[in-house]
């Protein structure tokens with residue numbers, strides 16, 4: 001069965017589109033370079049940051065019960081840090097149009113962000129980035145349904 005988190009009260013979230021594909025360039029907030037930097041930072045810090053992954057069914061942005069455990073684990077990990085920062089990136093497989101996949105990846109990332117904000121320990125802004133069918137976990141041709149590409153990555157980093 002699916003677990004759909006309740007809608008929280010409105011809180012600030014930085015929604016960021018990718019750089020340049022929509023012809024408008026980067027939006028305020030985290031850019032792809034920031035995300036790559038955060039990933040490198042995560043690797044460099046080892047014990048001071050961690051990545052969690054939530055997987056989705058084809059064309060769906062609902063967090064199922066098993067994957068909701070990944071969200072809870074990310075929150076529990078963040079609670080052990082002195083000051084946590086969440087960077088949430090939404091992804092899709094290559095089935096469908098690029099425009100539809102960008103929208104779907106944003107819906108997936110937003111669902112995870114909403115679930116994190118429902119945890120009373122985390123009331124600060126989150127950064128949410130849509131990648132659509134870019135940054136595939138498993139390289140595929142166009143129109144290939146690859147379950148490992150339908151995901152949201154949660155980077156939990158300790159802020160200095």
(message) Quick check on my filter: what residues within the stretch 62-111 are in contact (Cβ under 8 Å) with a residue 12 or more places away in the chain and part of a loop (DSSP other than H, G, I, E, B)?
(response) 62, 63, 81, 82, 83, 92, 93, 94, 95, 96
(request) Give just the number: which of (1) assigned to a loop (DSSP other than H, G, I, E, B); (2) within 20 Å of residue 63 (Cβ to Cβ); (3) modelled with pLDDT of 90 or more does residue 122 not satisfy? (result) (3)
(request) Just give me the residues in the stretch 125-134 being in a loop (DSSP other than H, G, I, E, B) and either in contact (Cβ under 8 Å) with a residue 60 or more places away in the chain or surrounded by fewer than 16 Cβ atoms within 10 Å (Cβ to Cβ) (or both), in sequence order. (result) 125, 134
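The values are calculated or read from the model by the stated rules, or taken from the named source; none is laboratory data. Computed from a predicted structure; not experimentally measured. For neighbour counting, all protein chains shown are included, and Cβ atoms are generated from backbone atoms with ideal geometry for every residue, glycine included.
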